[in-house]
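The values are calculated or read from the model by the stated rules, or taken from the named source; none is laboratory data. The structure displayed is predicted, hence computed values, not measured ones. Methodologically, a virtual Cβ is constructed for each residue, glycine included, from the backbone with ideal geometry; neighbour enumeration extends over all protein chains shown.
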Amino acid sequence: MEQYSKKVMDHFLNPRNVGEIKDADGIGEVGNPVCGDIMRMYIKVKDNVITDIKFLTYGCGAAVATSSMVTEMVKGKTLEEALEISNKQVAEALDGLPPIKMHCSNLAEEGIKAAIDDYKKKNEKK
Amino acid sequence: MQKIIYMDNAATTKLSQKVLDEMMPYFVKNYGNPSSIYSLAQESASAIKEAREKTAKALGAQTNEIYFTSGGTESDNWAIKGVADANKEKGKHIITTSIEHHAVLHTCQYLEKQGFEVTYLPVESNGIINLDELKKAIREDTILISIMFANNEIGSIQPIAEIGKIAKEKGIYFHTDAVQAVGHIPIDVNELNIDLLSLSAHKFNGPKGVGVLYIRNGTKISNLLHGGAQERKLRAGTENVAGIVGLGKAIEIAVEDMNKNGEYVTELRDRLINGLLKIPDTILNGDPKLRLPGNVNVCFKYIEGESILLFLDQLGICASSGSACTSASLQPSHVLLAIGLPAEVAHGSLRLTLSNENTQEEVDYILNQLPSIVEKLRALSPLIKK
């Protein structure tokens, strides 16, 4: 099988921002256990800025590494900036992914979007 | 370099030094084409004859029932397509199982597109077929039963003697993909009523790229490869002389050492299984007793297989998984789904396949390392209630 980059392995072996946020402002879950990956993102938002983010991921090396990388990329960003981050940018930040693993980077992008959607929905109700 | 702990012997095995020594003269010194007339070529021809005798002896077969091929995949393709083609006037129905290797499954699916009908027998949760289901599946127009001897993923051993008996009574050809079994457990084609059997040298310390299809004398079968008159006109192509010599030596050694190695490897296997099952939420796949001596296959719930393999690779441990992420598809192993595992559990499988070169120290090292790997991955998992 094609090798992962050093950066993917670093984020897989030492994932950043792992865990749950008990009083999260938004939670997004994407993926499917049948396909072997589920990503759950927790965000804290203050003044339109993502002040904290944590994740839990069930999946392969690429799924864990893209989760970890995307949390680093969006932390401290405004919601608009976070929504602009694409799966391609996540993959590039990891020095690339094997072609069959590109769908894992989609999950990272979708995970952030789902968490922000959830935050927006909760705030509309208020 | 980091020490390698190789526990993926179902994928391939290391070529034995004794086998390599036997093969070496047939690359540079005795390079003649066995079909040629001069003395140099006779060296090659007699080496093939000797390898054929060793192979026949190992299976309890006649020498003229041994056909050398390029490996297990070719043997499976030839057996199934060849019997289907030669017997299509008699019928168009084939019976196989849902847990076969892709070399059998995809060949059957191909034949379905050509107008054949295939029954894929289910298996019980231990990975073994139900003989009543087999009997019920047999039709007037059934021409072939193809059931693997032992499964490559979960090691389950099928009731081959009973299947052979049923097939013989009904006058249906019986093919078995014995790629994982040959050289590891005893096989006698006559006692077991096997009509066709596939084997591959690299699964028992022989070279890659060479295998055998055993075809019982009198079996109606068409060629897969057309061309020269090699292998009694049934399998064309200049013989892989060195490979065939290697296969012959490897099967001879494997059968000689079978009892000794089988006992040793089974003991390691059970030590490994018992140790792994102490990890919480771990299940054994396959039958605890009716399994290949070297096969260990477990699922760790809530985590995914490829991520386990990456941690093991960091420690120099070579293993495999039925997770989708170890292949190009998004589906987990068809074998693990067939034994009734939910997809998310099937993705968390780990296969460790042992050989006589593995040691108790290696087994204990893995048992020492795996709990913390599983724990680390579970800490990341959204599937587990915290």
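Report, by residue number, each residue of region A:11-50 that is among the small types (Gly, Ala, Ser), facing chain B (nearest Cβ under 10 Å) and part of a strand (DSSP E or B).
A:Gly31, the sole residue that qualifies.
Output the residue which, of all residues in region A:30-63 that are of a type in the set (Ser, Thr, Tyr) and out of contact with any Ser or Thr (no Cβ under 7 Å at 6 or more places or on another chain), is nearest to B:Ser307 (Cα to Cα). Spell out how you get there, then give the answer.
Let us first name the residues in region A:30-63 that are of a type in the set (Ser, Thr, Tyr), namely A:42, A:51, A:57-58.
Okay, now just the ones that are also out of contact with any Ser or Thr (no Cβ under 7 Å at 6 or more places or on another chain), so A:42, A:51.
Details: A:Tyr42: 22, A:Thr51: 29 Å.
This residue is A:Tyr42.
In this structure, is A:Gly36 buried (at least 22 other Cβ atoms within 10 Å of the Cβ), under 25 Å from B:Ser320 (Cα atoms) and in contact with a His (Cβ under 7 Å, 6 or more places away or on another chain)? Working first, answer last.
On the way: buried (at least 22 other Cβ atoms within 10 Å of the Cβ): yes; under 25 Å from B:Ser320 (Cα atoms): yes; in contact with a His (Cβ under 7 Å, 6 or more places away or on another chain): yes.
Taking the combined requirement at face value, the residue satisfies it.
Scan B:Lys289, B:Lys233 and give me the residue that is over 21 Å from B:Thr12 (Cα atoms), in the same structural domain as B:Phe204 (by TED's automatic domain parsing), free of Cβ contacts under 8 Å to residues at least 60 places away in the same chain and not hydrophobic (A, V, I, L, M, F, W, C). If you could, list the steps in order and put the result at the bottom.
Numbers: B:Lys289 fails: in the same structural domain as B:Phe204 (by TED's automatic domain parsing).
From the options B:Lys289, B:Lys233, the qualifying one is B:Lys233.
Out of the residues in region B:106-125 meeting the condition of being aliphatic (A, V, I, L, M) and more than 17 Å from B:Ile138 (Cβ to Cβ), tell me which one is nearest to the chain's Cα centre (by Cα).
As a first pass, look at region B:106-125 and keep what is aliphatic (A, V, I, L, M): B:111, B:118, B:121, B:123.
Filter again for more than 17 Å from B:Ile138 (Cβ to Cβ), leaving B:111, B:123.
Details: B:Leu111: 21, B:Val123: 17 Å.
Checked region B:106-125; the qualifying residue nearest to the chain's Cα centre (by Cα) is B:Val123.
Based on this model, can you work out whether B:Ile273 counts as closer than 18 Å to B:Ser156 by Cβ and either in contact with a Pro (Cβ under 9 Å, 6 or more places away or on another chain) or of a type in the set (D, E, K, R) (or both)? Outline the logic, then answer.
Details: closer than 18 Å to B:Ser156 by Cβ: yes; either in contact with a Pro (Cβ under 9 Å, 6 or more places away or on another chain) or of a type in the set (D, E, K, R) (or both): yes.
Yes: the conditions hold for B:Ile273.
Taking the options B:Ala58, B:Ala10, B:Ala84, name whichever one is part of a loop (DSSP other than H, G, I, E, B) and either touching a residue at least 40 places away in the same chain (Cβ under 8 Å) or among the basic types (Lys, Arg) (or both).
Working: B:Ala58 fails: part of a loop (DSSP other than H, G, I, E, B); B:Ala84 fails: part of a loop (DSSP other than H, G, I, E, B).
Result of the check over B:Ala58, B:Ala10, B:Ala84: B:Ala10.
Scan region A:66-79 and give yes if some residue there is within 10 Å of another protein chain (Cβ to nearest Cβ), at pLDDT 95 or above and either part of a helix (DSSP H, G or I) or under 28 Å from B:Gly348 (Cα atoms) (or both), otherwise no. If you could, list the steps in order and put the result at the bottom.
Quick first cut of region A:66-79, residues within 10 Å of another protein chain (Cβ to nearest Cβ) only: A:67-68.
Imposing the further condition that a residue be at pLDDT 95 or above reduces the set to A:67-68.
After this cut, where a residue has to be either part of a helix (DSSP H, G or I) or under 28 Å from B:Gly348 (Cα atoms) (or both) as well, the list is A:67-68.
Yes, region A:66-79 contains at least one residue that is within 10 Å of another protein chain (Cβ to nearest Cβ), at pLDDT 95 or above and either part of a helix (DSSP H, G or I) or under 28 Å from B:Gly348 (Cα atoms) (or both).
On the basis of being part of a helix (DSSP H, G or I), at pLDDT 95 or above and either crowded, with 21+ Cβ neighbours inside 10 Å or outside the structural domain of B:Leu370 (by TED's automatic domain parsing) (or both), does B:Leu336 make the cut?
Working: part of a helix (DSSP H, G or I): yes; at pLDDT 95 or above: yes; either crowded, with 21+ Cβ neighbours inside 10 Å or outside the structural domain of B:Leu370 (by TED's automatic domain parsing) (or both): yes.
Taking the combined requirement at face value, the residue satisfies it.
Quick one: which residue in B:Asn297, B:Asn358 is closer than 25 Å to A:Cys35 by Cα, among the polar types (S, T, N, Q) and in contact with a strand residue (DSSP E or B) (Cβ under 9 Å, 6 or more places away or on another chain)? Working first, answer last.
Values: B:Asn358 fails: closer than 25 Å to A:Cys35 by Cα.
None of the other options fit; the residue is B:Asn297.
Can we say B:Glu153 is over 14 Å from B:Ile80 (Cβ atoms), touching a Leu at 6+ places or on another chain (Cβ under 8 Å), of a type in the set (D, E, K, R) and not assigned by TED's automatic domain parsing to the domain that holds B:Ile339?
Working: over 14 Å from B:Ile80 (Cβ atoms): yes; touching a Leu at 6+ places or on another chain (Cβ under 8 Å): yes; of a type in the set (D, E, K, R): yes; not assigned by TED's automatic domain parsing to the domain that holds B:Ile339: yes.
In short, yes.
Sort out which residues of region B:179-188 are in contact with a Gly (Cβ under 6 Å, 6 or more places away or on another chain) and either surrounded by fewer than 24 Cβ atoms within 10 Å (Cβ to Cβ) or basic (Lys, Arg) (or both), and write them in order of number. Spell out the reasoning first.
In the first step, residues of region B:179-188 are kept if they are in contact with a Gly (Cβ under 6 Å, 6 or more places away or on another chain); the result is B:179, B:188.
Scanning region B:179-188 gives a single hit, B:Asp188.
Between residues in region B:96-118 that are surrounded by 14 or more Cβ atoms within 10 Å (Cβ to Cβ) and residues that are at pLDDT 95 or above and of a type in the set (Lys, Arg), which pairs lie under 8 Å by C-beta distance while being six or more apart or on different chains?
Note: pairs meeting the criteria are B:Thr107/B:Lys81; B:Tyr110/B:Lys81; B:Leu111/B:Lys81; B:Phe116/B:Lys88; B:Phe116/B:Lys92; B:Glu117/B:Lys92.
Consider B:Asn295 carefully, then state whether it is under 24 Å from the mean Cα position of the chain (by Cα), crowded, with 17+ Cβ neighbours inside 10 Å and not aliphatic (A, V, I, L, M). Give the derivation first.
Details: under 24 Å from the mean Cα position of the chain (by Cα): yes; crowded, with 17+ Cβ neighbours inside 10 Å: yes; not aliphatic (A, V, I, L, M): yes.
Here the answer is yes, as B:Asn295 does meet what is asked.
On the basis of being more than 9 Å from every other protein chain (Cβ to nearest Cβ), part of a loop (DSSP other than H, G, I, E, B) and on the phi < 0 side of the Ramachandran plot, does A:Asp95 make the cut? Break it down into steps so the answer makes sense when it comes.
Values: more than 9 Å from every other protein chain (Cβ to nearest Cβ): yes; part of a loop (DSSP other than H, G, I, E, B): yes; on the phi < 0 side of the Ramachandran plot: no.
Taking the combined requirement at face value, the residue does not satisfy it.
Among (1) part of a helix (DSSP H, G or I); (2) out of contact with any Gly (no Cβ under 9 Å at 6 or more places or on another chain), there is one condition B:Ile95 misses while meeting the rest; what is its number?
All conditions are met except number (1).
Which one is surrounded by the fewest Cβ atoms within 10 Å (Cβ to Cβ), of the residues in region B:13-30 that are out of contact with any Ser or Thr (no Cβ under 9 Å at 6 or more places or on another chain) and assigned to a loop (DSSP other than H, G, I, E, B)? Walk me through it before giving the result.
We begin by selecting, within region B:13-30, every residue out of contact with any Ser or Thr (no Cβ under 9 Å at 6 or more places or on another chain); these are B:15-25, B:27-29.
When the remaining residues are screened for being assigned to a loop (DSSP other than H, G, I, E, B), the result is B:15-16, B:24, B:29.
Values: B:Leu15: 17, B:Ser16: 19, B:Met24: 14, B:Lys29: 10.
Selected residue: B:Lys29.
Starting from residues that are among the polar types (S, T, N, Q) and in contact with a strand residue (DSSP E or B) (Cβ under 6 Å, 6 or more places away or on another chain), keep the ones in region A:53-79 and report whichever is surrounded by the most Cβ atoms within 10 Å (Cβ to Cβ).
Quick first cut of region A:53-79, residues among the polar types (S, T, N, Q) only: A:57, A:66-68, A:71, A:78.
Subsequent filtering for residues that are in contact with a strand residue (DSSP E or B) (Cβ under 6 Å, 6 or more places away or on another chain) retains A:57, A:67, A:71, A:78.
Values: A:Thr57: 30, A:Ser67: 32, A:Thr71: 25, A:Thr78: 14.
Restricting to residues being among the polar types (S, T, N, Q) and in contact with a strand residue (DSSP E or B) (Cβ under 6 Å, 6 or more places away or on another chain), the top hit is A:Ser67.
I'd like to know if region B:280-287 contains one or more residues that are surrounded by fewer than 18 Cβ atoms within 10 Å (Cβ to Cβ), in contact with a Pro (Cβ under 8 Å, 6 or more places away or on another chain) and either within 22 Å of A:Val18 (Cα to Cα) or not hydroxyl-bearing (Ser, Thr, Tyr) (or both).
Among the residues of region B:280-287, not one is surrounded by fewer than 18 Cβ atoms within 10 Å (Cβ to Cβ), in contact with a Pro (Cβ under 8 Å, 6 or more places away or on another chain) and either within 22 Å of A:Val18 (Cα to Cα) or not hydroxyl-bearing (Ser, Thr, Tyr) (or both), which makes the answer no.
Which of the residues that make up region A:80-113 are surrounded by 20 or more Cβ atoms within 10 Å (Cβ to Cβ) and in contact (Cβ under 8 Å) with a residue 40 or more places away in the chain? Please lay out each step first, then the result.
First, the residues of region A:80-113 that are surrounded by 20 or more Cβ atoms within 10 Å (Cβ to Cβ): A:82, A:90-91, A:94, A:97, A:101, A:104-105, A:107-109, A:111-112.
Of everything in region A:80-113, those that are surrounded by 20 or more Cβ atoms within 10 Å (Cβ to Cβ) and in contact (Cβ under 8 Å) with a residue 40 or more places away in the chain turn out to be A:Leu94, A:Leu97, A:Lys101, A:Cys104, A:Ser105, A:Leu107, A:Ala108, A:Gly111, A:Ile112.
Within region B:258-277, count every residue that is closer than 23 Å to B:His347 by Cβ and touching a residue at least 40 places away in the same chain (Cβ under 8 Å). Walk me through how you get there before you give the answer.
Of region B:258-277, the ones closer than 23 Å to B:His347 by Cβ are B:272-273, B:275-277.
Right, trim to touching a residue at least 40 places away in the same chain (Cβ under 8 Å) and you get B:272, B:275-276.
Selection size over region B:258-277: 3.
Which of the residues spanning region B:344-361 are away from chain A (no Cβ under 14 Å), within 22 Å of the chain's Cα centre (by Cα) and farther than 13 Å from B:Asn261 by Cβ?
If the condition is that a residue be away from chain A (no Cβ under 14 Å), within 22 Å of the chain's Cα centre (by Cα) and farther than 13 Å from B:Asn261 by Cβ, then B:Arg351, B:Leu352, B:Thr353 are the ones that fit.
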